[in-house]
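Trainee: The structure that follows is given in the form of structure tokens.
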Amino acid sequence: MLISPFENSENTSFNLAEFREKIRQSWENYRPQKTNCLLISDAPPEDLENHFYLAEAKGPDPFFLSIMEILYPELKADYLNRRRPLNVRQEMLKKFQSDGFYFLEMLDIPLQYHQGFLSNAFSDMLARVKQTAEKTAAVILLKTTTFGAVYDNLKRVGYRRTAPFAVPFPDQNQTKEFEDKFRRALKYLKVLEK
């Protein structure tokens, strides 16, 4: 079923159905067999070249690089030294997956196309979370908007290993703060010991 295209800020056609399919497929491609740690953000970027799972590393990529810096610093260094080859990025994402890490967004469309409050998307997101992670999985909420929309509800439905603070997204010069809080969340949830 084709949903009529939306107009984005550059006045080019935006096919919501096609976008949703790409995002959902990316989530499925990297879903781990067993999720040990779930990272949840609010919504995917409109430009899929900037998505964690779909990016082809053509420009700055602070979210991916910051995650890899904390989890796999040697792999990240090798990736940068080799000038970001796509196959190495995919290997890193497969390691992220095989280690039980999973990144998911509340919405399957960019935030600017969502109508209503972000918290209204909780039940749809919870259905995806339940398919992905047992209630014993660690959960890290990225951005204060995500934290405000889901923290209390996740705890209420039994996801008790949810970090009690938001981790900022590493853009607009927040890379250091992201890395510090992400590391803190991993330690707090006993996902990372060092």
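The values are calculated or read from the model by the stated rules, or taken from the named source; none is laboratory data. None of these values were measured; they are calculated from a predicted model. Positions of Cβ are generated from backbone atoms using ideal geometry, with glycine treated the same way; all protein chains shown enter the neighbour counts.
Trainee: Modelled with pLDDT of 95 or more and closer than 22 Å to residue 66 by Cα: does that describe residue 105?
Mentor: In short, yes.
Trainee: Please count how many residues of the range 67-103 are under 22 Å from residue 23 (Cβ atoms) and of a type in the set (Gly, Ala, Ser).
Mentor: 2
Trainee: Okay, next question. Pairs, please: C-beta under 7 Å, at least 6 apart or cross-chain, first residue at positive phi and in the range 85-114, second of a type outside the set (A, V, I, L, M, F, W, C) and at pLDDT 95 or above?
Mentor: If the second residue must be of a type outside the set (A, V, I, L, M, F, W, C) and at pLDDT 95 or above, the pairs left are 100/32; 100/34; 100/35; 100/36.
Trainee: When only residues in the range 29-68 that are of a type in the set (D, E, K, R) and modelled with pLDDT of 95 or more count, which is surrounded by the most Cβ atoms within 10 Å (Cβ to Cβ)?
Mentor: 42
Trainee: Looking only at the range 153-194, which residues are modelled with pLDDT of 95 or more, within 12 Å of residue 142 (Cα to Cα) and part of a loop (DSSP other than H, G, I, E, B)?
Mentor: Passing the criteria: 163, 164, 165, 166, 168.
Trainee: Moving on to the next point. From 134, 177, 193, grab the single residue that is surrounded by fewer than 16 Cβ atoms within 10 Å (Cβ to Cβ) and closer than 11 Å to residue 38 by Cα.
Mentor: Unique residue meeting the criteria: 134.
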